[in-house]
Amino acid sequence: MSPTFAAENKLEKFQTDTSVIAVERGVDTFMNACHGCHSLKYVHYRDLARFGIDKERIATWRGDSTLDSAMTSLLSDEAALQSFGKVPPDLSMIVMAREGGASYVFAYLTGYYLTPEGMTSNHLFPLTKMPDALEISTATDSVKRSEIMEQAHDIVSFLSWAADPQKAERESLGYYVIGYLIILTVLLYNVKLQVWSKLKT
Amino acid sequence: MAEYDDLDDTGRRDFLLKVTTVVTGAGAVAASIPFVASMNPSAELLAKANTEVDLSDIPVGGMHTVAWQGKPIFILHRTPESIKAMEATNGGLKPEQDSDRVKKPEWLVVIGVCTHMGCVPNKEGPGWTCHCHGSQYDDSGRVLRGPAPNNLEVPPYRFIADNKIMIGQA
Amino acid sequence: MANKIIAWIDHRFPLTSFIKHELTGYPTPRNLSYWWNFGFLAGIVLMLQVLTGLFLAMHYKPDAAMAFDSIQHIMRDVNYGWLLRFMHSTGASAFFLVIYIHMARTLYYGSYRAPRELMWWTGQGLLLLLMATAFMGYLLPWGQMSFWGATVITNLFRATPFIGDQVVVWLRGDYAVGDDTLTRFFALHYLFPFLIIGAVVIHLVALHSVRSSNPSGIDLADKDNIPFHPYYTIKDFYGLGVFLMAYFLVVFFFPHSVLEPANNIPANPLITPDHIVPEWYFLPFYAILRAVPNMVGGVVAMGLSVIVFAFMPFLDRSRIPGGGRYRPVYRIMFYLFILDILVLGYVGYVPPTSKTIIIGQVATFIYFGSFILLPFISKAEDKWLFKRGLPPKILALIASEEQEIAKRGKR
């Protein structure tokens, strides 16, 4: 959209997979790799159930929290400030809140590398305070790397769903509405033709 | 001004116009659904539609009031005498068996909203009195004196443990 | 029974005659093109905005601590809340699009000419009200773009002579945009549509007194008018069907295209986003603001760029009706002006560089230059066209217009 991030134009187009299976894998990886620090305060565990993920599976993620509670992290803001100097952002809307959307988040997650000095850095966001949670910067063999890419893909798919959970419902309703409007407009056009054909010149 | 010539109406135009009118009307009705639906309780409130209550700290003869869906729920731990008295009668204006109104005789669970105009009755002696218009209920929540037309309503609930109930799910 | 009720009302209130004279039987030029659909569409979009806004207001919380959360509540928990919200956010853009096309049509066909100056000016007032309403509504989601947009725009009032700083504080109710600003913007965002509806009524009363313009640019003889119903009711509804298809295509499939990503981050008074841009409908004016290197000058230029349209009835000195339809030079000017606005829009969108600043300044000169030169160009064009000899069709139009004016004078 806006031209702030020149890099975003080069981002590979991310193909979101919002099938229940992919999102479920994404939640699982998210809960292990991200949820320690990052909250999803606008997403509730019940939303996952409504989306179609098995309740028993959800129970393994939510621990003592109820099904109605938000997916907030256990890390307090104070503790986060002490360890990172920054409160990790809430990720409920992260895919919508970045230019480039899902493609940006994916490129960011997989953009970690080791500098010649042995420091971890990120291609997309060199000043980031977030550690390389998926450990892609130290993964050298290609099998491991492609595994991590898969994980990142699942996480981003899940986050895409989390930022726009009604997308599927919205689009399916959209087909009906547009279909209806096409029929209505064709009818109105024909009535218009007939009415105007009566006009005496 | 040129006039609209509607004398030589063909049947086809009538038909087309009728179909279009019906389709337009149906669309307008369908379009009102989201607006009306948006005024119903949100998913968040529906999720809070169930209230779990721990009964263990209510003493015999004591009453607790808990909120369920924004309404007060009276939970009365009835004494054996009270149970006996209630089982002996069928109430007053709206006769009903006590056993139909409880799941366990020592626990009475009713919605604490007077069936007359929606005030919250006060616990006074055995039973309740509504101070708005003077209706009286017994220890089974049955109306003894008007103007209330009905017995206090029993909410859907079930025992999820010996000392725990879930209000909202029958 | 129904007849009796109507008769009873008619005895006390001019119901039937009003409908007959102002709605069904309202005489309308028969030669209107589809460009004349947009006034009706603007009215429909206004109703859509009022309706969706009303239902959104039932769930929204105008409090800095809760506003962002309440939008998420609407989007995620309220039944069809996402639909109401996307209809409202898309509707804002649709409103401006429809209004801009409506204005462009008026400019192209010279519909602002006598006797329709009041139509043009009430329309101008409506545009200002619409801009104010849209601007205040944009603060309500309380995202980063909301916050910083409101900060920048309220800061424009620093250009007020002598008491600029006080005016800004007064507008905000705080030293920076804050909770009080949000609450008052919500109150005014709810109020302004009533003002808009009032102004629309005036616009329509004016319309029914001077009657619709038409592509020929003159008042047509009686025989060339047709009753509004059924001809234009059905034509307007057909246009509405086409419009709704485009509108709902965005609402259901690309709703995020009219929302800035940064507005999905809650407002933070301590961090400005890297790139703040106004909504697309303000971009050309924003570019003019940035083109002037002086703060007060920029604000004045931006204000003028909106107001200047009001002078069109005086600036256009041509005697030939129909605007761009019969006047080649005016037509070229019109298209160049539209192009210039698009360039300004682009310049307003990209982050300023030395190159875009120059382009913006040139485009700003062309923008105002078009208005300043119009009296001379239109006069010269007139002279040239008359000297060249007008086609008989246009001469006939001018003659018939003169007759109409004379007839009206006698009445």
Residue match in region C:56-63 (condition: over 30 Å from C:LEU315 (Cβ atoms), away from chain B (no Cβ under 14 Å) and touching a residue at least 12 places away in the same chain (Cβ under 8 Å)): yes
query: Within region C:143-150, is there a residue that is within 22 Å of the chain's Cα centre (by Cα) and under 30 Å from C:GLY323 (Cβ atoms)?
result: no
- prompt: Could you list, in sequence order, the residues of region C:261-275 that are crowded, with 19+ Cβ neighbours inside 10 Å and among the aliphatic types (A, V, I, L, M)?
  reply: C:ALA262, C:ILE265, C:ALA267
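Which residue out of A:GLY174, A:GLY179 is at pLDDT 95 or above, of a type in the set (Gly, Ala, Ser) and buried (at least 16 other Cβ atoms within 10 Å of the Cβ)?
On the way: A:GLY179 fails: buried (at least 16 other Cβ atoms within 10 Å of the Cβ).
One residue alone meets the criteria, A:GLY174.
Filter region C:216-228 down to residues that are touching a residue at least 60 places away in the same chain (Cβ under 8 Å) and at the interface with chain B (Cβ under 8 Å from one of its Cβ atoms), then give me how many there are. Write out each step before concluding.
Taking region C:216-228 and keeping what is touching a residue at least 60 places away in the same chain (Cβ under 8 Å), we get C:216-222, C:224-228.
This time we only want the ones that are at the interface with chain B (Cβ under 8 Å from one of its Cβ atoms), so: C:222, C:224-227.
The total comes to 5.
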task: Filter region C:350-391 down to residues that are within 16 Å of C:PHE314 (Cα to Cα), over 27 Å from the mean Cα position of the chain (by Cα) and open to solvent by 50 Å² or more (accessible area, probe 1.4 Å) and give me whichever is nearest to the other protein chains (Cβ to nearest Cβ).
output: C:LYS379
message: I'm trying to understand the selection: among the residues of region A:62-83, which are open to solvent by less than 60 Å² (accessible area, probe 1.4 Å) and away from chain C (no Cβ under 12 Å)?
response: A:GLY63, A:SER65, A:LEU67, A:SER69, A:MET71, A:SER73, A:LEU75, A:SER76, A:ALA79, A:ALA80
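Report yes if C:LEU182 is buried (at least 16 other Cβ atoms within 10 Å of the Cβ) and assigned to a helix (DSSP H, G or I), otherwise no. Walk me through it before giving the result.
On the way: buried (at least 16 other Cβ atoms within 10 Å of the Cβ): yes; assigned to a helix (DSSP H, G or I): yes.
Yes.
Have a look at C:ARG85, C:ARG30 and point out the one that is within 8 Å of another protein chain (Cβ to nearest Cβ) and either out of contact with any Asp or Glu (no Cβ under 7 Å at 6 or more places or on another chain) or surrounded by fewer than 21 Cβ atoms within 10 Å (Cβ to Cβ) (or both).
Working: C:ARG85 fails: within 8 Å of another protein chain (Cβ to nearest Cβ).
On inspection, the qualifying residue turns out to be C:ARG30.
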statement: Those residues of region B:145-170 which are open to solvent by 70 Å² or more (accessible area, probe 1.4 Å), closer than 21 Å to B:GLY118 by Cβ and modelled with pLDDT under 85 amount to B:ARG145
Per-region count, region B:89-105, residues among the charged types (D, E, K, R), within 21 Å of B:TRP68 (Cα to Cα) and either open to solvent by less than 40 Å² (accessible area, probe 1.4 Å) or part of a loop (DSSP other than H, G, I, E, B) (or both): 2
task: Could you figure out which of (1) touching a residue at least 24 places away in the same chain (Cβ under 8 Å); (2) part of a helix (DSSP H, G or I) isn't true of A:LEU91?
output: (2)
- prompt: C:LEU51 fails exactly one of the following numbered conditions: (1) more than 17 Å from C:LEU244 (Cα to Cα); (2) surrounded by 15 or more Cβ atoms within 10 Å (Cβ to Cβ); (3) at pLDDT 95 or above. What is the number of that condition?
  reply: (1)
field: Qualifying positions in region C:2-27 - small (Gly, Ala, Ser) and surrounded by 13 or more Cβ atoms within 10 Å (Cβ to Cβ)
entry: C:GLY25
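Residue by residue, here is whether (1) surrounded by 20 or more Cβ atoms within 10 Å (Cβ to Cβ); (2) assigned to a helix (DSSP H, G or I); (3) touching a helix residue (DSSP H, G or I) at 6+ places or on another chain (Cβ under 9 Å); (4) of a type in the set (Gly, Ala, Ser) holds:
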| residue | (1), (2), (3), (4) |
| --- | --- |
| C:VAL277 | yes, no, yes, no |
| C:ALA287 | yes, yes, yes, yes |
| C:PRO293 | no, no, yes, no |
| C:PHE311 | no, yes, yes, no |
| C:ILE338 | no, yes, yes, no |
| C:LEU342 | no, yes, yes, no |
| C:GLY348 | yes, yes, yes, yes |
task: Please indicate, with yes or no, whether at least one residue in region A:170-181 is in contact with a helix residue (DSSP H, G or I) (Cβ under 8 Å, 6 or more places away or on another chain) and either over 30 Å from C:ARG76 (Cα atoms) or assigned by TED's automatic domain parsing to the domain that holds A:THR29 (or both).
output: no
task: Mind listing whichever residues of region A:28-47 are without any contact (Cβ under 8 Å) to a residue 24 or more places away in the chain and either under 10 Å from A:THR72 (Cβ atoms) or touching a helix residue (DSSP H, G or I) at 6+ places or on another chain (Cβ under 9 Å) (or both)?
output: A:ARG46
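Checking the condition of a type in the set (Val, Ile, Thr) and not assigned by TED's automatic domain parsing to the domain that holds A:SER39, which residue from A:VAL191, A:VAL156 passes?
Values: A:VAL156 fails: not assigned by TED's automatic domain parsing to the domain that holds A:SER39.
Matching residue, one of A:VAL191, A:VAL156: A:VAL191.
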message: Just to verify a result, which residue in region C:121-167, among those that are in contact with a Lys or Arg (Cβ under 9 Å, 6 or more places away or on another chain) and surrounded by fewer than 20 Cβ atoms within 10 Å (Cβ to Cβ), is farthest from C:THR106 (Cα to Cα)?
response: C:ASP165
query: Residues in region C:54-80 that are surrounded by 20 or more Cβ atoms within 10 Å (Cβ to Cβ) and farther than 22 Å from C:ASN264 by Cα: how many?
result: 0
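Name the helices (runs of 4 or more DSSP H) wholly within region A:95-197 that hold at least 1 residues that are among the charged types (D, E, K, R) and more than 14 Å from chain C (Cβ to nearest Cβ)?
Correct list: A:142-163.
Of all residues in region B:121-138, count the ones that are outside any strand (DSSP E or B) and surrounded by fewer than 16 Cβ atoms within 10 Å (Cβ to Cβ).
As a first pass, look at region B:121-138 and keep what is outside any strand (DSSP E or B): B:121, B:124-127, B:130-135, B:138.
Next, from what is left, pick out any that are surrounded by fewer than 16 Cβ atoms within 10 Å (Cβ to Cβ): B:124-126, B:131-134.
Number of matching residues: 7.
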- request: Looking at (1) of a type outside the set (A, V, I, L, M, F, W, C); (2) within 13 Å of chain C (Cβ to nearest Cβ); (3) exposed (fewer than 12 other Cβ atoms within 10 Å of the Cβ), find the lone condition where A:SER92 falls short.
  value: (3)
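The values are calculated or read from the model by the stated rules, or taken from the named source; none is laboratory data. What you are looking at is a predicted structure, and each value in this text was computed from that prediction instead of being measured. Glycine also receives a Cβ, built like all others from the backbone with ideal geometry; neighbour counts cover every protein chain displayed. The accessibility values were calculated without ligands, DNA or RNA, using every heavy atom of the protein model including side chains. Shrake-Rupley method; radii C 1.70, N 1.55, O 1.52, S 1.80 Å.
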